[in-house]
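All of the numbers you see were taken from the coordinates with simple rules; none came from a lab. None of the values given here were measured: they were computed from a predicted structure. With ideal geometry, Cβ positions are generated from the backbone for all residues, glycine too; neighbour counts draw on all protein chains shown.
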Amino acid sequence: MRDITELPHDLFLLVISYLSPRTCVLCRSVSRRWLSAFSDNANSLLLLRWNFPRCREMRLLTDSQRSSARWADAFANVARRYYNLGLGRPHAVEKLELAVSSQSDTSPYSFLGIATWNRFLRLESKTANFHYPDPVWWYSQEDGVLVYPAEDIRADVNQYDGHVYQVLDLDTGNRVPIPFDVRQKHIRRARVAQGVLILEWAEALPYHQLNDREVVHRHFVTAFDVSRTANDSTWTVTFRSEFKLHFLGLPLNRSDRFFSAHTANHYAVYFWQPNRSLYQDDPIEQLAVWDISSPSSYRPSEDPRGDQRPAPCRAQTTPTGLWSGRNGTLTVRASVSAESVVADRKASNESSLTVTATGPRVIRRMAWRELDFFGLRQRATPQLRNLRLDDRNLYVVEEEHRWADGQHSSLNPPRVHVVRCTGIPIVPNPCPISNVADGPVYGPIWVDECGGDGDVTMCFCRRLSSKNTTTTTPSTPIPEEDTTLQNLRRPPRPRDTLAAWPWTIGRSERYAPCWRHEEFPHLTVSEMLDADAGVRITARHCFILETLSVHVRPAKISVRGAAGASFADEDVTSENLRKKTRSTDKKKADEETALRTREVQFLNSMWRQLMAKGHISGDERWVLGEDEKGFITVVRF
């Protein structure tokens, strides 16, 4: 036998199981025989399963791909990816040019985002951002596509169709234009979730005069379905529906704000508007939830007078309030006798099914009284950060900080940093006499709060501290104001424990975002969490310090197997020697685990490349952000 490639196949697999993924790839350059052995399709699939069972290629593996895929190339790419992630080093950096936004009448594209709360962090003479505006682009981790306004490079102006937004598949490079004309529109927000693209926009021309100084623009929401084609080679974008966001419209200013979230079937929006009355000071607050599951070709933006609006949409009314779940028709039916209900059940179902096919419709409205009942009324010192949605519930995420300052800062700041998630049942179940989800809502309120019950050792985050199973050093007390700036110069402490981050909470919408204060006094501005792959990239700042770091959860499968145990039973006859061997193996395993679970920081220059808008996204393959020049930066690993 001249080398390991001549070993029996099972022994060869046992040997290469001890090699690192990078070593297995480098072994291909030794000789042709080694290239053939280490590039074998079956061997590469085994190495991929042993070393990276959580990678995207293994999670999406199907029976048909098992024999047809080129696993040698896949293993080399995944090994390179996780090697670069472990070093905090990009493999390649790409730049995507965005369309230039302008509010002038001659500009074809205009993005006018919603203003953030007037809150920022202040400590002595130092200030830092606490809120960041919405980006003009959005990345869908579920689908792996980027939606962004691309710069039009066509020289002929007559060929311009206004389809600025595109869907870009970062894996294949395929681009698909979105059939949405941005001319004579102000784009307010773009977002993709569960295969549904939502574009919130306003008309360029005002609709009516609000008062002597302000005008109102009609706002609309346009939904598109983003799906793969049958052969998975490209994407298709089809129009689903359009509806009016606000019945009166909103001024284009920095005072009227709205926050939204959506799933494949529902859309929720919260409005916060200053009270323009001479006798009221509290802002106007309301919340609405739409059912967007049914497609409709009707476009209210092209029908200002509502003459072409479908009759079922015009006849249907939903009363204000959370618990008045039935519409007017069902309320009347509930007051008649049971015999009449049974007799009219078939007709009721038919009419209800007709209503469901009319496109988007409001299923819940909540005014300030309902918001006050749930403790969600923001008043003049709003704490709202964002909204979340799942199949049945709406979650309102609020946040307060000890050093928050500004017009909207709290008059009673917390001791440290508080994040809170309040969930309320918002989507009704179908009625017994109807197939339509238009009945009453049942369920408890959900409140998850973190950071408000700190103790003398500063362990105010119960979730993060309870997940650490190993011995950790006590947290430091809250520093005094005169010594805080000196402590802020210290970088965040590295996490060297396997359970340093509770990965399970990253999948649920119900939990408060504890990651915001996991390294207090450093604030985690944004994070990219690929929970299925076990990859997490965080961006933290604290006035004078800005860091980007990556953490990869170890997932290597032990393949030493029963054969290794049988060899130990045959060769080792001393009990002390067996204990010593196990202790040595455990020590090596702990060292390997600590090496692969520690956080690794990127170069300082990466902050300027990714965090100009305070937002990063992506998955295990890449991370996306926006640089200071207005380009989308794609960092590939």
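Using the Cβ-Cβ distance between L60 and T229 with R0 set to 22 Å, the FRET efficiency works out to roughly 0.85.
Placing +1 on each Lys and Arg Cβ and -1 on each Asp and Glu Cβ, with no other charges, gives the range 173-227 a dipole about its Cα centre of roughly 180 debye. When each of the peptides 48-55, 16-23 is scored by how many other beta carbons lie within 10 Å of its residues on average, the order from highest to lowest is 48-55, 16-23. Peptide packing for 626-632, 232-238 was compared via the average number of neighbouring C-beta atoms within 10 Å per residue; ordered from the highest value, the list is 626-632, 232-238. Under 5 Å from the amide H of A512 lie the amide H atoms of C421, each residue being 5 or more positions distant or on a separate chain, with H modelled from the backbone and absent for Pro and chain starts. Rounded to whole numbers, the Karplus 3J(HN,Hα) couplings from phi for the range 186-203 are 10, 6, 9, 6, 10, 7, 10, 7, 6, x, 10, 9, 10, 10, 9, 8, 10, 5 Hz, using 6.51 cos²θ - 1.76 cosθ + 1.60 with θ = phi - 60°, and x at Gly and Pro. Protection proxy ranking of 412-425, 369-382, 295-308, by the mean of other Cβ atoms within 10 Å over each peptide's residues and highest first, is 412-425, 369-382, 295-308.
For trypsin sites (Lys or Arg not before Pro), the sites in the range 132-209 that DSSP calls loop and that have at most 14 other Cβ atoms within 10 Å are R154, R183. Put simply, the amide H of R189, placed in the peptide plane, has neighbours under 5 Å in E200, leaving out anything fewer than 5 places away on its chain. Can you tell me how the range 4-87 classifies by the Cα gyration tensor, rounded, prolate or oblate, using a/c under 1.5 as the rounded cut? Verdict is oblate for the range 4-87. Dipole orientation for the range 4-87: of the candidates L7, C27, N77, N77 has the Cα lying most toward the positive pole (charges on Cβ; Lys, Arg +1; Asp, Glu -1).
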